[in-house]
Structures are given as structure tokens and as C-alpha cells.
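First comes the structure, then the notes that go with it.
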Amino acid sequence: MYNTYLIRYGEIGLKGKNRPQFERRLMENMRRALSKTGSSRVERVYGRLVVESDAEPAQVLDRLSKVFGIVGVSPTLRLPLDMQAVSDGALQTLKDAAALVQLPPGASLTFKVEARRSNKMFPLTSPEINGQIGGYLLENIPGLQVDVHKPIIKVNVEIREKNTFVYAADVPGAGGLPVGASGKALLLLSGGIDSPVAGWMAMKRGIEIEAIHFYSFPFTGEKSLEKVRDLCRILANYTARIKLHVVHFTDIQKEIQKNCPEELRVTLMRRMMFRLSERIAGQQGALALVTGESVGQVASQTLESMQVINHVINIPVLRPLVGMDKVEIITRAQAIGTFETSVLPYEDCCTLFLPKHPATRPRLEQAEQAEQALNIEELLAGALDRTIVEIIKS
Ligand code: ATP
Ligand code: MG
């Protein structure tokens, strides 16, 4: 069984001076991802990241596939610096890899051995190692053929200071950057399809996420809040835990409903959401907001609306979905595991207060005029006072 894994992490290599810091972050995130799988070690060995774990390989690979920053994982044999042991290990590795290959009828299995020797004390050169191990594999597997250009299976042999690593498989990772490497942002998380995907995409770029949810109790019940917690739990698979701020939004909505023109309700509610988010972001050291908005989906997502809503804050707003179609967003939601939870039918706070004809092109002066009827500072303070913080773990 494989209990050693070599980790590839492409993009980090591009980041020059940041590299040690990124590597440390990645190792920490890997350790956290593996912490519940039994005993595991993450080390830096000869300039590579290596995981040792007693857990089931499928489980280890599943956990590591959710750690951003990892480009690929190769389950590996760690062998002594001994040609017989390495040849036998290469044979085992080739057989294991071949078991996963479906050959077209009549085709033969092709392979090549690719040796790299960083340990120059080892008595054979790389071409000699390739030749010896290749010969051994050909002797032991009938019908096997060498193909140095496009082999079906490539057996890698890395001769290092104290060990030899032998591997063939390369399981793709999630890519991106390690969460936490790019600072922190506050995700406006509704119970819908879009915002969880937006949060995932921000995390993929190394941004640590806290979530904020606006809650209209009792108009939306405990179940809709539980759904948001479930979405945090799923997102936490990619980062271990998420801090969720639940903001009591009902009083603000009622005040807007009572005092302001109906067609501006959505605009005004969003302006309040943004103001509250900016303040909580400030308290938490988050440097940006993240939303699931894209352009043109609904009334509040025209550029005119966004401009009027955005006007009340100074913090940057990231909208990772802006270039995606709905179908692409749904496909992504399915892949990351949030879709089924997102489509559960519980009310969203805004649908309850939705006007029949929301303004699609609100003007800034209109919004500012309408807000004269509200005591904004008092409303914000009241909502912040009643905000509850929860830590949601995967
Ligand atoms: P989603 O699928 O994320 O609900 P949506 O397509 O329904 O998005 P809107 O309802 O216009 O779009 O919301 C736009 C964005 O505003 C959401 O993606 C989310 O980031 C934020 N948002 C909306 N409602 C809430 C809420 N109750 N709590 C927190 N954020 C919210
Ligand atoms: Mg929504």
C-alpha cells in the first residue's frame, strides 16, 4: 500500500520571494485537512512536499484534492537506495497503474522509465537506471512495450539522498493558491446558488473567508439559517472552518418597507447590507467583500444598481462570478458540492420584501433622498448589536 505522497504545486513556484511563506501555509493547510484521518506527517524533503499517512489512500487523496495550492498528488513508494528494491518497486507501481488502464482491443501496454538522480553518489547514471529498470519490467510483464515519446504509463524514479521515490500516478489537485496566502475577505452568503460558488472561487485564489448572512427572523425560519450553516460546512471542507456572522436584518427591512418607496426597496436593503458588511469586515480585518453577484441576472445586478449600492462603502467588492453564465455557475456548484443544499426550498430574506416592480435603473439621488426617512446609524447599530458569531467546522 502507498503511504507516501509527493505533492506538486505549480503556481507557488512562480511567486519568487513569497515562496517560503506560501509553502509554509500550504503545509499547514494540508496538515489541517489530514488531521482527522489518523496519523499523518507533512514534510519538506529535498525541496519537495511529502505526505506520509497511514490512512486509506482514497481518503488521503480526497482530502488533499480539496486543498488549494496543490496541482497534483502522486502516491509514491519510498524505497532504499538499492537497485533490486527499486526495480521491484517499479514493477509493483507499473502493475498498479496498469490495473487502472483500459486498453483498446489488440493494443499493447506501453511504458517508459524516467529516472532523475539528484544524489550523485549513486553508482548508476540516469540513463543506466532507465535501462536496467526498463529491462527488468520487460522481462517480468509479457506483452509490455517501450514507448519513449507517448507512453501510456510513465514510471518515475527519483534517486535522492537517503531514499528513492517511485511513482506513476498523478492525481489532479484543485490548483489555485493556499487559503490564507492572500489575506481575508468577508463573503456575503445567502442561501442561494451563487454566493457559495463565489466564496469557493475567492478561496481558490488564496483568500481566507468569513461569511456574513442577513437573517429575517421570524419571516425566514431556523431552517433557512440551518441551510446557510450547511453551506458553510461544505465550504469549510476547503479550509477547515468558517466564521459565520448572522445579522438580524428584520428591523431594517421593516423600516425600509414602512418609510421608503416600494420600487427602491431592494436597492436600499442592499445599501444597508453593504454598510453592515463593511463595518464587520473592518472589525475582523477583512480587506474586501465577496458577493455572488453577476451582471444582468436580476434587477439589483444592473451596472446602474451596482453603482448606487456600491456608493455607500469604500472597501473593494470582489464579484468572482461576473464572467460566468448561470449554467457554468450551476456546474461549478455541483462540482464543489453546494448545489443540492442551495436548491433546498427555504425563503431568502429578500424575496419576502420584494416589490412587484423593483427599479432596474435606480438613481443615486433617488436612493439618497429615500434614505432621509431612515435613521441609518441607529439601524446599523441595532443590527450590529444583535449579530451572532458562530464557528462552523467541516
Ligand atoms: P445567490 O444565489 O448567492 O443568492 P442571487 O443570484 O440570488 O445570489 P441576489 O439575490 O441579487 O442574487 O444577491 C446578490 C448577492 O448578495 C448574493 O450573491 C449574496 O452575495 C448577497 N446576498 C443576498 N442576500 C443575502 C443574505 N440574505 N445574506 C447575505 N448575503 C446576501
Ligand atoms: Mg439569492
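Ignoring GluC sites (Glu not before Pro) that are buried or in helix or strand per DSSP, and keeping those with at most 15 other beta carbon atoms within 10 Å, what is the longest stretch of the chain between them?
It runs 162-346.
Given the pairs LYS95/LYS154; LYS66/LYS162; LYS120/LYS162, which are separated by over 19 angstrom at their Cα positions?
LYS66/LYS162
Straight distance only, please: which lysines reach the Cα of LYS223 with their own Cα at less than 23 Å, same-chain residues fewer than 8 apart left out?
Those lysines meeting the cut-off are LYS243, LYS254, LYS393.
Apply the Debye scattering formula to the chain, with a single equal point scatterer on each alpha-carbon and no solvent, then give log10 I(q)/I(0) at q = 0.06, 0.10, 0.12, 0.13 Å⁻¹.
-0.34, -0.74, -0.92, -1.02
Under a 10 Å cutoff between Cα atoms, tell me which one of THR76, THR267, THR125 has the largest fluctuation in the Gaussian network model of the chain.
THR125
Give or take rounding to whole Å, what are the principal axis extents of the alpha carbon atoms in segment 294-394, in descending order?
So the three principal-axis extents are 45, 33, 30 Å.
Over segment 133-225, what number does the Rg to Rh ratio reach, with both radii from the alpha-carbon atoms and Rh per Kirkwood?
Reported Rg/Rh, Kirkwood definition of Rh: 1.34.
Just the number, please: percent antiparallel of the DSSP beta bridges in segment 4-172, rounded to the nearest 5.
Expressed as a percentage, antiparallel bridges in segment 4-172 total about 75.
Mind checking which of GLY173, GLY131, GLY106 has the largest fluctuation in a GNM of the chain, springs on alpha carbons under 10 Å?
Judging by the Gaussian network model, the answer is GLY106.
Over the alpha-carbon set of segment 208-254, divide Rg by the Kirkwood Rh and report the Rg/Rh ratio to two decimals.
1.04
If you take every residue apart from ASP170 with its C-beta less than 12 Å away from the C-beta of ASP170, what net charge results, scoring Lys and Arg +1 and Asp and Glu -1?
Value of the local net charge: +2.
With the chain treated as a Gaussian network of Cα nodes joined by springs under 10 Å, which of SER108, SER53, SER305 yields the largest mean-square fluctuation?
Highest fluctuation of the listed residues: SER108.
Would you pull out the residues with amide H under 5 Å of VAL67's amide H, same chain only if 5 or more places away, H placed 1.01 Å from N?
ALA174
With r defined as the distance between the Cβ atoms of VAL295 and ARG31 and R0 fixed at 51 Å, what FRET efficiency is calculated, to the nearest 0.05?
With R0 = 51 Å, the Cβ-Cβ based efficiency is 0.80.
Would you mind estimating how fast segment 4-172 diffuses translationally, via Stokes-Einstein at 10 °C and 1.306 mPa s with the Kirkwood radius over Cα pairs, in µm²/s? Don't skip to the end; give the middle numbers.
Working: Rh = 17.1 Å.
After rounding, the answer is 93 µm²/s.
Separation between the LEU354 and GLN334 pseudo-spin-labels, each 7 Å from Cα along Cα→Cβ, expressed in nm?
So the label points at LEU354 and GLN334 sit 2.4 nm apart.
List the aspartates and glutamates whose Cα sits under 17 Å from the Cα of LYS112, skipping any in the same chain fewer than 8 residues away.
Within the straight-line limit of under 17 Å, LYS112 reaches these aspartates and glutamates: ASP88, ASP96, GLU128, GLU139, ASP147, GLU158, ASP170.
Can you give the three extents of the C-alpha atoms in segment 184-393 along their principal axes, from longest to shortest, in whole Å?
Per principal axis, max minus min of the Cα coordinates gives 44, 35, 32 Å.
Taking H as built 1.01 Å from N, whose amide H comes closer than 5 Å to the amide H of VAL290, not counting residues under 5 places away?
Residues meeting the criterion, in which the H sits 1.01 Å from N, are LEU186, LEU187, LEU188, LEU318.
So, in nm, how far is label SER39 from label ASN375 when the simple model puts each one 7 Å beyond its Cα toward the Cβ?
In this crude spin-label approximation the distance works out to 6.4 nm.
Where a number appears in this text, it was derived from the coordinates with a stated rule and is not lab data. Predicted, not measured: the structure shown is a model, and the values here were computed from it. So basically every Cβ, Gly included, is an ideal-geometry build from the backbone, and we count neighbours across all protein chains shown.
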